[in-house]
Amino acid sequence: MHRAHLIFGHLTKPSVCAQSCAAVSYSRTDSSPQAEEDVVVVAARRTPIARAKNGFYQHITADELLSSVFTAILKDANLPPSLVGDVCLGNVWLPGSGCLLARLSQIKSGMPVSVPCSSVNRQCSSGLQACMNIASAIQSGIIDIGIGAGIEMMSGMQASVEEVMHTINPTTLEHKDAMNCLTPMGITSENVADQFGISREKQDWLSEQSHAKAHRATVNGFYKEEIVPVIVNGSAVTTDEGIRPDTTVEKLRKLKPAFKEDGSTTAGNSSQLSDGAAAVLLARRSVARRLNLPVLAVLQSYAVVGVPPEVMGIGPAEAIPQALRKAGKWIVQ
């Protein structure tokens with residue numbers, strides 16, 4: 001669990017994904033009366049991340065990925081599936097935000113039909129919101145144990161802005177702020193770069209560092225225990241697809257802007273379209289103690305904010321301070 005401990009150690013400084021923030025800390029002692037009601041992480045697993053469309057999951061179905069991570073976290077915790085109180089799946093692109101997928105995958109993984117499920121769509125932070133929904137249910141006393149998960153199969157992504165516009169009332173199209181919701185993601189990236197002075201050089205440097213760090217982590221086996229192998233064509237896939245260890249600023253500098261002629265976002269310094277799944281097993285600390293479940297992290301707070309859709313990438317900068325305030329912490333901590 002070396003990699004897991006590293007990750008959750010980093011989370012003692014709150015982090016955020018898109019428009020949601022989960023601040024996690026080990027600061028509260030296990031022996032305090034309040035600690036017994038803590039929401040704790042007892043297991044977390046993910047599949048390798050694959051390139052969409054022509055990646056190594058091109059002939060793999062979403063239920064295979066999701067059921068594999070469900071099965072893995074239950075096995076890791078040695079938890080009888082019947083003790084799961086609820087399952088919530090975060091998804092953006094699948095019909096119904098993947099609710100049908102969640103149901104058939106949880107049953108396939110061994111959970112009885114008496115275990116309910118739901119799905120949620122909060123765009124980029126859908127999986128994190130699913131975990132927060134489960135955490136809130138534990139905090140309110142509705143359940144003691146639950147699973148928050150996320151999956152995206154961008155290989156099946158079909159809807160375009162042009163197609164969506166045909167489903168919108170013409171009067172809505174006259175509302176400028178509402179229409180900004182249809183701003184393509186690549187253009188929102190350009191807007192953030194322009195508005196906050198993020199240069200092409202900074203973006204290329206970060207891309208180089210990102211690939212180098214991911215490569216080192218893979219070579220050193222830091223991802224090994226968090227990844228659930230996926231069988232593809234008879235062989236087990238155990239590493240992420242898309243890491244380019246030979247990426248350099250010099251090579252990235254040669255790429256043309258991808259979204260506008262004088263832009264700074266390129267195919268090299270932006271994220272790839274990906275397929276993958278992950279799941280987190282959450283529990284009330286007192287129940288985890290009684291069932292002898294491991295405690296990897298403690299959820300202290302989270303925050304959700306809305307930001308202008310044309311610069312949606314600034315969500316973390318708005319949500320982090322709110323989550324910190326709720327956790328009683330400062331950013332320097």
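Only one of these conditions is not met by Thr29: (1) open to solvent by less than 30 Å² (accessible area, probe 1.4 Å); (2) among the hydroxyl-bearing types (Ser, Thr, Tyr); (3) at pLDDT below 80. Which number is it?
(1)
Filter the range 114-167 for residues that are in contact with a strand residue (DSSP E or B) (Cβ under 9 Å, 6 or more places away or on another chain), of a type in the set (A, V, I, L, M, F, W, C) and in a helix (DSSP H, G or I) and give the result.
The answer is Cys124, Leu128, Ala130, Cys131, Met132, Ile134, Ala135, Ala137, Ile138, Met154.
Looking only at the range 149-176, how many residues end up being over 17 Å from Leu94 (Cα atoms) and either β-branched (Val, Ile, Thr) or touching a residue at least 24 places away in the same chain (Cβ under 8 Å) (or both)?
Qualifying residue count, the range 149-176: 4.
Counting only residues that are open to solvent by 40 Å² or more (accessible area, probe 1.4 Å) and closer than 26 Å to Met312 by Cα, give me the helices (runs of 4 or more DSSP H) lying completely in the range 178-253 with at least 2 of them.
Working: elements: 185-196, 200-219, 249-252.
Filter on the range 178-253 gives 185-196, 200-219.
Please work out which residue is surrounded by the fewest Cβ atoms within 10 Å (Cβ to Cβ), limiting yourself to the range 318-333 and to residues that are out of contact with any strand residue (DSSP E or B) (no Cβ under 6 Å at 6 or more places or on another chain) and within 23 Å of Ala130 (Cβ to Cβ).
Among them, the one singled out is Glu318.
Pull up the range 83-109, narrow it to residues that are touching a Ser or Thr at 6+ places or on another chain (Cβ under 7 Å) and free of Cβ contacts under 8 Å to residues at least 40 places away in the same chain, then point me to the one that is nearest to Ile142 (Cα to Cα).
Per the criteria, the residue is Cys99.
I'd like the full set of residues that are open to solvent by less than 20 Å² (accessible area, probe 1.4 Å) and in a loop (DSSP other than H, G, I, E, B), limited to the range 264-304.
Within the range 264-304, Ser264, Thr265, Thr266, Gly268, Leu293, Leu296 meet the criteria.
Considering each of Ala22, Ala35, Ala4, Ala102 in turn, give the residue that is assigned to a helix (DSSP H, G or I), modelled with pLDDT under 85 and aliphatic (A, V, I, L, M).
Values: Ala22 fails: assigned to a helix (DSSP H, G or I); Ala35 fails: modelled with pLDDT under 85; Ala102 fails: modelled with pLDDT under 85.
When all the criteria are applied, what remains is Ala4.
Per-residue answers, yes or no, for (1) open to solvent by 20 Å² or more (accessible area, probe 1.4 Å); (2) modelled with pLDDT of 95 or more; (3) basic (Lys, Arg):
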| site | (1), (2), (3) |
| --- | --- |
| Asp76 | yes, yes, no |
| Val92 | yes, no, no |
| Ser97 | yes, no, no |
| Gln106 | no, yes, no |
| Pro116 | yes, yes, no |
| Ala135 | no, yes, no |
| Gly156 | yes, no, no |
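Any idea which of (1) assigned to a helix (DSSP H, G or I); (2) open to solvent by 20 Å² or more (accessible area, probe 1.4 Å); (3) at pLDDT 55 or above is the one Ala72 doesn't satisfy?
The number of the failed condition is (2).
The values are calculated or read from the model by the stated rules, or taken from the named source; none is laboratory data. Quick caveat: nothing in here was measured; it's all calculated off a predicted structure. Reconstructed Cβ throughout: ideal geometry from the backbone, glycine too, with neighbour counts over all protein chains shown. Heads up: the accessible areas ignore ligands, DNA and RNA and are worked out on the full protein's heavy atoms, side chains in. Shrake-Rupley method; radii C 1.70, N 1.55, O 1.52, S 1.80 Å.
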